[in-house]
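The values are calculated or read from the model by the stated rules, or taken from the named source; none is laboratory data. It should be emphasised that the depicted structure is a prediction, and the values quoted were computed from it without experimental measurement. All Cβ positions, even for glycine, are placed from backbone atoms using ideal geometry, and neighbour counts span all protein chains on display. Remember, those area values only see protein heavy atoms, side chains included, never the ligands or the DNA or RNA. Shrake-Rupley method; radii C 1.70, N 1.55, O 1.52, S 1.80 Å.
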Amino acid sequence: MTSLEPDAPAPAAQASSTQPTWFLTRFLLLRWMGLIYAVAFLIAARQILPLIGEHGLTPAMVYMSLVRDHFHSQSQAFINLPSFFWFVLSDHLLVVVAWLGFALSLVVIAGYANSIIMALLWATYMSYVHIGQIWYSYGWEIQTLETGFLTIFLCPLFDGRPFSRRPPPIAILWLYRWLGFRIMIGAGLIKLRGDDCWRDLTCLYYHYETQPLPNPLSRYLNFAPHWFQKFSVLWNHFIELIVPWFSFAPRISRHIAGILLISFQFILISSGNLAFLNWLTILPFIACFDDGLLKHFLPGFITRRALGAAAEPRPLLAYTIASCCVALLIAILSVQPVLNMISPGQVMNDSFDPLDLVNTYGAFGSVGRERPEIIFEGTTDDLITSTTQWKAYEFPYKPGDPDRRPPIITPYYGRLDWQIWFAAMSSPDQYPWTLHFVWKLLHNDPGTLSLLANNPFPDAPPHYIRARLYKYQFNPPGTPGWWHRTLLGDWLPPLTTSDLQETIQSQPWLGE
């Protein structure tokens, strides 16, 4: 920006033309990580108790007791699944810590971050992930931990100002690119090795309709011409398998790669509600951009402060040594993920160390051709007859009422909605917590109902609950309603509290 030149010292201007600086890069990386943490802790604060609280669907206390028994001691359980909650756990603490994490994330977004703050956020979120069971089993959870770990070493130990004069460690920026490379290459390879439709370029014929939580644009993309969808698959392969290599290239190529990789994530964000996965995946590619590029796009008052810090840098040897040690650690821990990535038996979204420092990633290795949906219904009738009136429970984000418009919620998401999407492709035997869910609906449990969009029985609990399985298909744009659905049968038969009593008592979650 020409208007900034009088404020930037001449040595800085000269240095920026010969050697890139990364103060604006660090500023954006930390703010973006703060945003991810804020969303993640907000989700925890609002949903954690009905899921893993003392009276949740899968109580953390019960899970941790089983883990402790498996490892024969609490210390071994802690080593294998590190979490603050091994030392003290209560419903009150689960919520308070989540809100504190959210508040601290806002401090980072506001511009104040140091290694201590980022370490607290990382360790706190890891504490939820490691006791969160199926609700925290998604790839973006361990990706958040790996990404958040790197931010600890991106900023000074104590100085939390937005533009500390300590230069950002180059080694950490390279590690961000290495993370982004593994994310994209892993996703690309799992597709080529997985579903045939990725190789014959037809996966997007189905993906927009069958993805976990579609949004309004998903319907229009679902009916796009087949030539466009095939081209989109080709573009996907190009972005995931070719472009990431250029994130390590010289400046111009690196900038182009960063632009392509980030714009691809925004395309994915616009096409569906994939939680905060794509927002998180943007972060490592910010490391492709140096101050020389970013200063043209950020507000003048920010760029002036960054250029001022870059003009008088104060490097610290200990800072450099620490970042090199982290780089060496990541290099060693990367061996197993790389071997997995090049293996014909590649697995995706898995961790190879207790702290989830270096992981393997991937998404949509297979794509469903049809969309099954579970609809939970209840009735207050004492006997089920042909005239029984059933009322449906609506989930806030997943498809239910065929006339209801799909929401736009990303980067936020409902963990229960997401798990119901998985359950619909399986059987109740593989998702036993769904029986606990039914039990709670039969008792009008306030916590469970807080995860739903409605309560059809506000005055008294239902006598029966059933779950029906439907096939959902998008209606063509311009036709009434968003979905057409076809009944496939019962996923769970009508159940009463007496039907479930023995099952509930035999399960470790009993504590009602």
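Condition (residue is more than 25 Å from ARG26 (Cα to Cα), out of contact with any Leu (no Cβ under 6 Å at 6 or more places or on another chain) and surrounded by 20 or more Cβ atoms within 10 Å (Cβ to Cβ)) applied to segment 231-252: is it met by at least one residue? Looking for residues that are more than 25 Å from ARG26 (Cα to Cα), out of contact with any Leu (no Cβ under 6 Å at 6 or more places or on another chain) and surrounded by 20 or more Cβ atoms within 10 Å (Cβ to Cβ), one finds at least one in segment 231-252, hence yes.
Taking segment 371-384, which residues are open to solvent by 70 Å² or more (accessible area, probe 1.4 Å) and within 23 Å of THR486 (Cα to Cα)?
If the condition is that a residue be open to solvent by 70 Å² or more (accessible area, probe 1.4 Å) and within 23 Å of THR486 (Cα to Cα), then ILE384 is the only one that fits.
Of the helices (runs of 4 or more DSSP H) lying entirely inside segment 425-512, those carrying at least 1 residues that are open to solvent by less than 20 Å² (accessible area, probe 1.4 Å) and farther than 30 Å from THR210 by Cβ are 497-506.
Out of all the residues in segment 90-97, is one or more out of contact with any Gly (no Cβ under 7 Å at 6 or more places or on another chain), of a type outside the set (A, V, I, L, M) and surrounded by 14 or more Cβ atoms within 10 Å (Cβ to Cβ)? No, segment 90-97 contains no residue that is out of contact with any Gly (no Cβ under 7 Å at 6 or more places or on another chain), of a type outside the set (A, V, I, L, M) and surrounded by 14 or more Cβ atoms within 10 Å (Cβ to Cβ). Among residues of segment 376-387 that are farther than 18 Å from PHE437 by Cα, those with a Cβ under 7 angstrom from a residue that is assigned to a loop (DSSP other than H, G, I, E, B) and open to solvent by less than 20 Å² (accessible area, probe 1.4 Å), sequence gap 6+ or separate chain, pair up as ASP381/THR388. Would you check if ALA322 is out of contact with any strand residue (DSSP E or B) (no Cβ under 9 Å at 6 or more places or on another chain) and buried (at least 20 other Cβ atoms within 10 Å of the Cβ)? No; evaluated as a whole, the condition is false for this residue.
Residue count for segment 407-424 under the criterion of being outside any helix (DSSP H, G or I) and open to solvent by less than 10 Å² (accessible area, probe 1.4 Å): the result is 2.
Among the residues of segment 233-244, is there at least one that is farther than 23 Å from GLN346 by Cα and at pLDDT 95 or above? No: segment 233-244 contains no residue that is farther than 23 Å from GLN346 by Cα and at pLDDT 95 or above.
Across segment 191-212, the qualifying residues are those that are modelled with pLDDT of 95 or more and in a loop (DSSP other than H, G, I, E, B), and the one among them that is farthest from ARG415 (Cα to Cα) is ASP200. Once segment 163-187 is narrowed to residues that are charged (D, E, K, R) and under 21 Å from ARG31 (Cβ atoms), the residue that is surrounded by the most Cβ atoms within 10 Å (Cβ to Cβ) is ARG177. The one condition from (1) out of contact with any Asp or Glu (no Cβ under 7 Å at 6 or more places or on another chain); (2) part of a loop (DSSP other than H, G, I, E, B) that TRP178 does not meet is (2).
Residues of segment 125-168 that are out of contact with any Phe, Trp or Tyr (no Cβ under 9 Å at 6 or more places or on another chain) and free of Cβ contacts under 8 Å to residues at least 60 places away in the same chain: SER137, PHE158, ASP159.
When restricted to residues that are closer than 27 Å to PHE181 by Cβ and either at pLDDT below 90 or under 29 Å from the mean Cα position of the chain (by Cα) (or both), segment 295-309 contains 3. Residues in segment 122-159 that are open to solvent by less than 10 Å² (accessible area, probe 1.4 Å), of a type in the set (A, V, I, L, M, F, W, C) and farther than 20 Å from LEU329 by Cβ: 2 in all. The residue that is modelled with the lowest pLDDT, counting only those in segment 132-159 that are outside any helix (DSSP H, G or I) and under 17 Å from TYR412 (Cβ atoms), is TYR138. Restricting LEU307, LEU274, LEU293, LEU261 to those that are open to solvent by less than 20 Å² (accessible area, probe 1.4 Å) and touching a helix residue (DSSP H, G or I) at 6+ places or on another chain (Cβ under 6 Å) reduces the list to LEU261.
Applying the selection to segment 40-87, what residues are farther than 19 Å from TRP135 by Cα and of a type in the set (Ser, Thr, Tyr)?
SER73, SER75
May I ask you to list the residues in segment 36-89 that are in a loop (DSSP other than H, G, I, E, B), small (Gly, Ala, Ser) and either open to solvent by 70 Å² or more (accessible area, probe 1.4 Å) or within 27 Å of ILE504 (Cα to Cα) (or both)? Result: GLY53, GLY56. I'd like to check something: does segment 359-370 contain any residue that is in contact with a Phe, Trp or Tyr (Cβ under 8 Å, 6 or more places away or on another chain), farther than 25 Å from LEU277 by Cβ, touching a residue at least 60 places away in the same chain (Cβ under 8 Å) and open to solvent by 40 Å² or more (accessible area, probe 1.4 Å)? No - not one qualifying residue is present in segment 359-370. Just the residues that are open to solvent by less than 20 Å² (accessible area, probe 1.4 Å) and within 14 Å of GLU146 (Cβ to Cβ), please, taken from segment 333-349. Those that are open to solvent by less than 20 Å² (accessible area, probe 1.4 Å) and within 14 Å of GLU146 (Cβ to Cβ): SER334, PRO337.
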